[in-house]
Amino acid sequence: ADNGPTLNTTQFQTLVSNQMPAIAKTVENEEGLGQVLQQMEVQDGQNISFENFWNLINKQAGQLFSTSHKEKGIKCHCLLQ
Ligand SMILES: *[C@@H]1O[C@H](CO)[C@@H](O)[C@H](O)[C@H]1NC(C)=O
Ligand SMILES: *[C@@H]1O[C@H](CO)[C@@H](O)[C@H](O)[C@H]1NC(C)=O
């Protein structure tokens, strides 16, 4: 939001709660936030880069896909813009 290349965890929480309500529930508390940061491979005390964020998207998408994959008839219309 302030044009920096990285986000601190507070900025990340704000972004997620605005844009990704499903993940927002998880990062509301310290434990959930820690898990998500770990998924993104963010080191302790580090800011979150776009690359970290992308790790999260990939992992979340992977989970979504492996869940819906098991239900027949669901096709993936993945479109990133
Ligand atoms: C983390 O981000 C904040 C705000 O964008 C910035 O002020 C700070 O210098 C950054 N810290 C590191 C370790 O990159
Ligand atoms: C994160 O960045 C925001 C905006 O730059 C700043 O207001 C906030 O104090 C920072 N929080 C931390 C934990 O560094």
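FYI, it's all coordinate maths here, none of it is from the lab. Owing to the predicted nature of the structure, the values given are computational and were not obtained by experimental measurement.
List of remarks:
- Full-stretch length increase - Lys25, Thr10 - with 0.36 nm per residue and alpha-carbon distance subtracted: 4.0 nm
- Taking every Cα-Cα distance in segment 9-72 and sorting them into 5 Å bins starting at zero, the pair-distance distribution P(r) comes out as 4, 17, 27, 28, 13, 7, 4, 1, 0 percent.
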